[in-house]
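Visitor: Below you will find the structure I want to go over with you.
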Amino acid sequence: MMLKQKLELPSCFQVLGFDKIPENKDQLKARYRQLARVVHPDSGGNVEKFIRVRRAYEESIKYIEQRKGG
């Protein structure tokens, strides 16, 4: 009997609130923009949270590009 090994979701996606890897970069971009509006310092958010969300977005884009082959 073979069991599928559950792959852990990379933390960059967890920071952005995903429970699975998004299908495409458009979904990722939409979630990033939604979060950025809330955590951006100009909107009353906090610099550290904004930087964390920004870095997670950048890492997530790279991950999807590598996974899809470009």
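The values are calculated or read from the model by the stated rules, or taken from the named source; none is laboratory data. The structure presented is a predicted model; accordingly, all values stated were derived computationally and were not measured. With ideal geometry, Cβ positions are generated from the backbone for all residues, glycine too; neighbour counts draw on all protein chains shown. For the accessible areas, the whole protein counts, side chains as well, though only heavy atoms, and no ligand, DNA or RNA atoms are used. Shrake-Rupley method; radii C 1.70, N 1.55, O 1.52, S 1.80 Å.
Visitor: Which ³J(HN,Hα) values in Hz, rounded to whole numbers, follow from the phi angles of the stretch 29-42 under the Karplus curve 6.51 cos²θ - 1.76 cosθ + 1.60, where θ = phi - 60° and Gly and Pro get x?
Guide: Result, ordered by residue: 5, 4, 5, 4, 4, 4, 5, 4, 4, 7, 8, 5, x, 5 Hz.
Visitor: What net charge is computed for the residues neighbouring Pro41, neighbours being all others with C-beta under 11 Å from the C-beta of Pro41, Lys and Arg scored +1, Asp and Glu -1?
Guide: Values: positive: Lys49; negative: Asp42, Glu48.
With Lys, Arg at +1 and Asp, Glu at -1, the neighbours total -1.
Visitor: Below 17 Å, Cα to Cα, which aspartates and glutamates can Lys49 reach? Residues fewer than 8 away in the same chain don't count.
Guide: Leaving aside aspartates and glutamates fewer than 8 places away in the same chain, those within reach of Lys49 are Glu58, Glu59.
Visitor: For Cα Rg over 2.2 N^0.38 Å, the listed values are (i) 1.26; (ii) 1.11; (iii) 1.48; which was obtained by calculation from the structure presented?
Guide: Recomputing Cα Rg over 2.2 N^0.38 Å here picks out (i).
Visitor: Could you work out [θ]222 nm for the chain from helices alone, using -39500 (n - 2.57) per DSSP H run of at least four and dividing by all its residues? Round to the nearest 500 deg cm²/dmol.
Guide: Numbers: 3 runs with 42 residues, N = 70.
So the helix-based figure for the chain works out to -19500 deg cm²/dmol.
Visitor: Still on this structure: Where does the charge balance sit around Pro22 when Lys and Arg score +1, Asp and Glu -1, over other residues with C-beta under 14 Å from its C-beta?
Guide: Details: positive: Lys20, Lys25, Lys29, Arg31, Arg33, Lys62, Arg67, Lys68; negative: Asp19, Glu23, Asp26, Glu59, Glu65.
In short, +3.
Visitor: Taking H as built 1.01 Å from N, whose amide H comes closer than 5 Å to the amide H of His40, not counting residues under 5 places away?
Guide: HN-HN under 5 Å from His40: Gly45.
Visitor: Related question: Share of the chain's accessible area from carbon and sulfur, percent, 1.4 Å? Write down the numbers at each step before the final one.
Guide: Working: 2790 of 5760 Å².
Carbon-and-sulfur percentage of accessible area, whole number: 48.
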